[in-house]
1. Assess whether B:ALA108 counts as being under 19 Å from B:ASP313 (Cβ atoms), open to solvent by less than 60 Å² (accessible area, probe 1.4 Å) and in contact (Cβ under 8 Å) with a residue 40 or more places away in the chain.
2. In region A:173-210, what residues are touching a helix residue (DSSP H, G or I) at 6+ places or on another chain (Cβ under 9 Å) and of a type in the set (Phe, Trp, Tyr)?
3. Can you name every one of the helices (runs of 4 or more DSSP H) wholly within region A:16-119 that holds 2 or more residues which are open to solvent by 20 Å² or more (accessible area, probe 1.4 Å) and farther than 30 Å from B:GLY86 by Cα?
4. Quickly run through region B:309-330 and pick out the residues that are surrounded by fewer than 24 Cβ atoms within 10 Å (Cβ to Cβ) and small (Gly, Ala, Ser).
5. Considering only residues that are at pLDDT below 95 and closer than 18 Å to B:ALA290 by Cα, which ones fall in region B:328-348?
6. Could you pull out every one of the helices (runs of 4 or more DSSP H) wholly within region B:22-128 that has 3 or more residues that are out of contact with any strand residue (DSSP E or B) (no Cβ under 8 Å at 6 or more places or on another chain)?
7. Of everything in region B:255-297 that's surrounded by 16 or more Cβ atoms within 10 Å (Cβ to Cβ) and in contact (Cβ under 8 Å) with a residue 60 or more places away in the chain, which residue is nearest to the other protein chains (Cβ to nearest Cβ)?
8. When you scan region B:100-112, do you find a residue that is closer than 19 Å to B:PHE44 by Cα and modelled with pLDDT of 95 or more, even just one?
Amino acid sequence: MNGWIAAFREALETLDRIGAESIVNQARSEMTPIQVVDQVVVPALEQIGQAWETGDVALSQVYMSGRICEELVEQVLPPSDPDRKHQPRSAIVVLCDYHMLGKRIVYSQMRASGFELFDYGRMDVDELVERALADQIRVLLISVLMLPSALKVKQVCARLKAAGAPIRIAVGGAPFLFDDRLWQEVGADAMGHNAAEAVSLVEGWMREMA
Amino acid sequence: MMAMNSMQRTLTTLGQQEPDRVPLFLLTTGHGAKEVGLSIEAYFSRAENVIEGQLRLLKKYRADCLYGFYYASIEVEAWGGNTLFGTDGPPQCGAPIINDTQIDTLEAPAIDGAPGLRRVLDTLRGLKQRVGDSVPIIGVAISPFSLPVMQMGFDRYIELIYEQPGRFERLMQANIEFCVNWSNAQLAAGATAICYFDPVSSTTTIPRALYLETGHAVARRCLPRIKGATATHLASGRGLPIIGDIADTGTAIVGVSALEDLAQLKAAANKRVSLLGNLNGIEMRRWTPAQAEAEVKRAIAKAGRGGGFLLGDNHGEIPQLVPDEVLLAIRDAVDRWGRYPLDWIADWQDEGA
């Protein structure tokens, strides 16, 4: 198994789509599609996420890896497949910001890990609160790049919780990486240091909510 | 040692010598709007406002430079893009303006055809008129390699770099022309040096091997055509593995990240390039004056000796939300701990600080 993970990770980091697809196909001869996702794709993406945090892998590799995995998982585990993860209603959004790359990476990695979630694009506070309540979202992932946007998460958390929504909110993005107390200051339930950590967080919450 | 003015202090440290004290480069933009009592949008609508704001900030914080920077997307306005103004942060770039196929016919816009760029040039002229050669005036150009993040969106740009080398090269040709013209216009208007913002070259964003083929090659084509000194700024991104490569581009300064150790960066720079940084601008918002002092001491202790170091934030722009008392505490700490020969450092290290 570890051999597959290492080979798959190497294929992703060098943008070797064909090699990555071949490893997935080999793994499928021994595992179900969801096992391939859980035991090969997700661990490889987790390792790449951790390597980005320590400066050993670059954002461009994280982004392209997520995209390749999203495409591969789409083939082996289409959105309609009953093996797709049964998860709380989830959504991802960029708050009050126009920097979409972080959200795109997390969205790809969530989907590559077998999750389905709403992509809200970019929203301001009022729009987001209204939409999250209307959609009965249980897990909300908020991405920002700018400090003023990060501080606006506080309003989102306060208003959703005041409305009695049983919602968990995770945040991510540069301001939270540069100030490790900021996520608590804005009232989030957790922060993801990288995209793979967002996946782990949602998996943990999914188990708690089951 | 006789007191130096800001220009002498800066040039001495860039020559890898110790000046009278560590130069303080507080790169503030939106704070100027607060000083003159205007909204961000109104402030940046007239050169006179920014001249007045920068001069008031210089007097208040007694930093060693003036900053002619408005906001990053002012360059994209010249290419046909727009800027979105908020109330509590820097203006942001609007929607991307070019797609893959438009790159094939892309031409660099004229500098004098862009009202925003003309305002920046007027600002630099006004500042130069007021301070002459006593204080360095910093102009800004986004690197040709990093500008496409705003021109076409970050995700599509990464895909272009990896998947369409021909179009990538075409885009770089247009952007290099623009960057050279824009930088030289600022130098002619009174800028002392150009801060060449290049976050995409950071190893946070692309691996070193790709940097050498792309951002590095672009800088080597662009920087020699800029008729003045440049400071390459990675805008919070990591740069330790490529600091020697950046020095090879001929730049004088590298703006470095709070995520990396200044002592390691200083050793890697090896007197080939000076360092600017690396106070954490995001955390700075909630620092106490005592924390500000401790951070200033830490930075100076790690990188101050021997010159080649300018104290500043790690992003190239201090968030407007950072309060005055923190910036003034930084200022006071530099006065107290930044005076050469920095002979307090040995004791500080012995204390295990």
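The values are calculated or read from the model by the stated rules, or taken from the named source; none is laboratory data. It should be emphasised that the depicted structure is a prediction, and the values quoted were computed from it without experimental measurement. Neighbour counts run over all protein chains shown; Cβ positions are idealised from the backbone, glycine included. The protein model used for the area step is the full one, side chains on, heavy atoms only, and it has no ligands, DNA or RNA in it. Shrake-Rupley method; radii C 1.70, N 1.55, O 1.52, S 1.80 Å.
1. Working: under 19 Å from B:ASP313 (Cβ atoms): no; open to solvent by less than 60 Å² (accessible area, probe 1.4 Å): yes; in contact (Cβ under 8 Å) with a residue 40 or more places away in the chain: yes.
Here the answer is no, as B:ALA108 does not meet what is asked.
2. Result: A:PHE176, A:PHE178, A:TRP183.
3. Values: elements: A:17-28, A:33-36, A:42-53, A:59-76, A:101-112.
Because the criterion is at least 2 residues that are open to solvent by 20 Å² or more (accessible area, probe 1.4 Å) and farther than 30 Å from B:GLY86 by Cα, the helices (runs of 4 or more DSSP H) in region A:16-119 that meet it are A:17-28, A:33-36, A:42-53, A:59-76.
4. B:ALA329 - this is the single residue of region B:309-330 that is surrounded by fewer than 24 Cβ atoms within 10 Å (Cβ to Cβ) and small (Gly, Ala, Ser).
5. Correct list: B:TRP348 only.
6. On the way: elements: B:31-36, B:40-43, B:47-61, B:74-78.
Because the criterion is at least 3 residues that are out of contact with any strand residue (DSSP E or B) (no Cβ under 8 Å at 6 or more places or on another chain), the helices (runs of 4 or more DSSP H) in region B:22-128 that meet it are B:31-36, B:40-43, B:47-61.
7. If we take residues in region B:255-297 being surrounded by 16 or more Cβ atoms within 10 Å (Cβ to Cβ) and in contact (Cβ under 8 Å) with a residue 60 or more places away in the chain, then B:GLY255 is nearest to the other protein chains (Cβ to nearest Cβ).
8. Residues of region B:100-112 closer than 19 Å to B:PHE44 by Cα: B:111-112.
The next check asks that each one be modelled with pLDDT of 95 or more; those that pass are B:111-112.
Yes, the conditions are met somewhere in region B:100-112.
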